[in-house]
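Novice: Dumping the structure here so I can ask a few things about it.
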Amino acid sequence: MKRDRDDVIAVAGLTKRFGAITAVDDVSFSVPEGELFGFLGPNGAGKTTTIRMLTGILTPDVGEVSIDGIDIQKHPIAAKMQMGIIPEMSNVYIELTAKQNVVLAGRFYGMHRKDVEERTDKLLQQFELSDRKDDRVEGFSKGMKQRVLIASALVHIPKVLFLDEPTSGLDVHSQRLIRAIIREMNDAGTTVFLTTHNIEEANTLCDRVGIINRGALAAIDTPERLKQAFNETQSVEVAFDKPTDVGEIERSGLVNRTERTGDTWRFYTDDPDALAKWIFSFAERRKLSFTTLSIEGASLEDVFVTVTEG
Amino acid sequence: MPRDALLSYLRSIALIAEKDMRIYYTKPPVLMFGFLFPLFMFLAFSLGRSADLHTLFPGLAAMFVFFVASSVGPLITPWEKRAGTYERLLSFPVTVNTLILGDVVAGMLFGIIINIIILTAGIAAFGYSVSFIGVLIIALSLMLGAFCFSALGVLLASPASTNPSNVMLLSNLVRFPLIFISGIFVPIASLQGIARVAAYCSPIAYLVNSFELGLLGSAAIPLLLGWAVLIGFSVVFVLLARTLLKRNLMKGL
């Protein structure tokens, strides 16, 4: 497998079939050291199957995965020692306390008891769980359990962190706290592989995103470059002070597609500058006042929708 | 295997066993089917009857070892799959082998701890005069038997069910017939014909035999042969559990 020296995750030709269904089809990519990489895709696209193969939980039918240069199929333990993993829908042991959960995880990675206890106390403080550290997790909220889970994945200071939907279904406070800690870990040098349904989360957190659709990698680049590549989703959003027939705008030859939300119109265009000027003269002729007028660039959500519905 | 890898392997087994002991020893199905059930069977068999408990205690003690050691294994995997902890456990630096052996060790230790108390109480209550060699035979037999029966428990957890009660049902379907063919209620030496052949097919019979030798001083099957058969059953149970668990690893996740 071709791998740059800086690549912490290197994937080549990854394929997994379940009977007649190809869940992941010849996926190849790499993630350099220190990058925060987002992995997006609709439900059933192959995200979780991919992350399970990357983390050694599932064996691929074809293809190779190396973590920090270690082939995960040949040396699963050595490769897993480099990782912290939060699988989707996973849970902590509710019969144990928060501290016991994190300490147990640290000991699986070979940490000495004294070191793991010190690190656990520090992490639980960082995750605002110090005052509940000796309570059984059974009574914790979902957000608190997720924080214990993430603390368990960080306890051994992994070189690469795999997070499968880490903020899904959590309250805003827990989401923000978790995002801040992911960012902090990444700033400290940890490579992060993040799958998420939250496009805005990927847009704000990730250095690069890959979009998987029907098992194949459909796009991979920085969020900004992806948005530029999908510039047909640029639009002009406009609302007037009184009901208006916008048919004339649609027939201007500048509009590709129109969407209406309440009294606001969104006109998709290849040339937002020309369309905005055209709408401005239209409003002057009709003696209309604007309540909204804005030019919208392509969003990552637009890119996602275009790629996954295309 | 290099020394570091061996240490890491053993550490993982010990950690999985420790985790199982903390979480599963006090679960109601373990207490019910592992401790209370054989206790009630023992009481039902002994109270108000003229049974010769001095002769039958080795068999009843083996039944306790069987029930206690095989009660933890069936619960762990389905419980973890249902609770959502199994995939995270798989994500730790562990292998299927360490998962199985960790669970087996947890069941084995449960069987040993509970049965040290039962054997000690039985020896005191029924007035056995046990030699030092007898103690060694009982101790080693207890370890081998507890490992073997715990491995059977883990094997019974290997089907893909995520419902602990389904697995406990299956485990009882397997465990109860074994009890009745193993020479527990009738000493192996007294069994004749097909009953004796059936007893030889059950791993429990070999523990009954070893306990009879340690406590009563005589046994129908040579001790070393009995131990070898227990080891053989253990290897078969672990290898079967490994095959089935690998096949069903992702089911229910």
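The values are calculated or read from the model by the stated rules, or taken from the named source; none is laboratory data. Computed from a predicted model, the values in this text were never measured in an experiment. With ideal geometry, Cβ positions are generated from the backbone for all residues, glycine too; neighbour counts draw on all protein chains shown. For the accessible areas, the whole protein counts, side chains as well, though only heavy atoms, and no ligand, DNA or RNA atoms are used. Shrake-Rupley method; radii C 1.70, N 1.55, O 1.52, S 1.80 Å.
Novice: Within the set of pairs 6 or more residues apart or between chains, which connect a residue that is more than 8 Å from every other protein chain (Cβ to nearest Cβ) and over 24 Å from residue A:186 (Cβ atoms) inside the range A:78-97 to a residue that is open to solvent by 10 Å² or more (accessible area, probe 1.4 Å) and outside any helix (DSSP H, G or I) with Cβ atoms less than 8 Å apart?
Specialist: A:97/A:133; A:97/A:134; A:97/A:135; A:97/A:136
Novice: Restricting the range B:95-112 to residues that are over 17 Å from residue B:33 (Cβ atoms), assigned to a helix (DSSP H, G or I) and open to solvent by 10 Å² or more (accessible area, probe 1.4 Å), which is farthest from the other protein chains (Cβ to nearest Cβ)? Quick ask: steps written out before the conclusion?
Specialist: Filtering the range B:95-112 for residues over 17 Å from residue B:33 (Cβ atoms) gives B:95-102, B:104-105, B:109, B:112.
Narrowing further to those that are assigned to a helix (DSSP H, G or I): B:96-102, B:104-105, B:109, B:112.
Adding the requirement that they be open to solvent by 10 Å² or more (accessible area, probe 1.4 Å) leaves B:96-97, B:101, B:105, B:109, B:112.
Working: B:96: 10, B:97: 11, B:101: 15, B:105: 16, B:109: 18, B:112: 22 Å.
The extreme case among them is B:112.
Novice: Against the condition assigned to a loop (DSSP other than H, G, I, E, B) and surrounded by fewer than 16 Cβ atoms within 10 Å (Cβ to Cβ), how does residue A:122 come out, does it pass?
Specialist: no
Novice: Of the conditions (1) without any contact (Cβ under 8 Å) to a residue 12 or more places away in the chain; (2) among the small types (Gly, Ala, Ser); (3) within 30 Å of residue A:216 (Cβ to Cβ), residue A:298 fails just one. Which one is it?
Specialist: That leaves (1) as the condition not met.
Novice: A further question follows. Taking into account only those residues within the range B:22-34 that are farther than 16 Å from residue B:171 by Cα and β-branched (Val, Ile, Thr), which is nearest to the other protein chains (Cβ to nearest Cβ)?
Specialist: My answer is B:23.
Novice: Right, here's the next one. Give B:232, B:145, B:252 a once-over and let me know the one that is of a type outside the set (A, V, I, L, M), under 16 Å from residue B:61 (Cβ atoms) and either at pLDDT 95 or above or over 18 Å from the mean Cα position of the chain (by Cα) (or both).
Specialist: Matching residue, one of B:232, B:145, B:252: B:145.
Novice: Pick from the range B:1-21 the residues that are among the charged types (D, E, K, R) and within 11 Å of chain A (Cβ to nearest Cβ): which of them is nearest to residue A:96 (Cα to Cα)?
Specialist: Filtering first and then ranking leaves B:19.
Novice: List the helices (runs of 4 or more DSSP H) that sit entirely inside the range A:222-292 and contain at least 3 residues that are free of Cβ contacts under 8 Å to residues at least 40 places away in the same chain.
Specialist: A:247-250, A:272-286
Novice: Considering every residue within the range A:194-206, establish whether at least one is on the phi > 0 side of the Ramachandran plot, at pLDDT 90 or above and of a type outside the set (Phe, Trp, Tyr).
Specialist: No: the range A:194-206 contains no residue that is on the phi > 0 side of the Ramachandran plot, at pLDDT 90 or above and of a type outside the set (Phe, Trp, Tyr).
Novice: Please state which one of B:221, B:184 is modelled with pLDDT of 85 or more, out of contact with any Asp or Glu (no Cβ under 7 Å at 6 or more places or on another chain) and not in a helix (DSSP H, G or I).
Specialist: B:221
Yes/no per residue for (1) among the hydrophobic types (A, V, I, L, M, F, W, C); (2) under 17 Å from residue B:77 (Cβ atoms):
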| site | (1), (2) |
| --- | --- |
| B:163 | no, yes |
| B:195 | yes, no |
| B:201 | yes, no |
| B:208 | yes, no |
| B:211 | yes, no |
| B:227 | yes, no |
| B:235 | yes, no |
| B:240 | yes, yes |
| B:251 | no, yes |
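Novice: What tally of residues in the range A:129-148 results from selecting those that are buried (at least 24 other Cβ atoms within 10 Å of the Cβ) and in contact with a Ser or Thr (Cβ under 7 Å, 6 or more places away or on another chain)?
Specialist: 2
Novice: Out of A:38, A:106, report the one residue that is surrounded by 20 or more Cβ atoms within 10 Å (Cβ to Cβ), more than 8 Å from chain B (Cβ to nearest Cβ) and touching a Cys at 6+ places or on another chain (Cβ under 6 Å).
Specialist: Step by step, each of A:38, A:106 is checked, and only A:38 is surrounded by 20 or more Cβ atoms within 10 Å (Cβ to Cβ), more than 8 Å from chain B (Cβ to nearest Cβ) and touching a Cys at 6+ places or on another chain (Cβ under 6 Å).
Novice: Suppose we keep only residues that are assigned to a loop (DSSP other than H, G, I, E, B) and within 12 Å of chain B (Cβ to nearest Cβ) within the range A:60-77. Which one would you say is surrounded by the most Cβ atoms within 10 Å (Cβ to Cβ)?
Specialist: Ranking the candidates gives A:72 first.
Novice: Kindly indicate whether residue A:235 is open to solvent by 10 Å² or more (accessible area, probe 1.4 Å), more than 25 Å from residue A:88 (Cβ to Cβ) and polar (S, T, N, Q).
Specialist: When the stated conditions are applied, residue A:235 does not pass them.
Novice: While we're on this one: Being assigned to a loop (DSSP other than H, G, I, E, B) and buried (at least 17 other Cβ atoms within 10 Å of the Cβ) is the filter here, so list the residues in the range A:14-33 that pass it. Give the derivation first.
Specialist: We begin by selecting, within the range A:14-33, every residue assigned to a loop (DSSP other than H, G, I, E, B); these are A:19-20, A:33.
Once the filter is applied, which keeps residues that are assigned to a loop (DSSP other than H, G, I, E, B) and buried (at least 17 other Cβ atoms within 10 Å of the Cβ), the range A:14-33 yields nothing.
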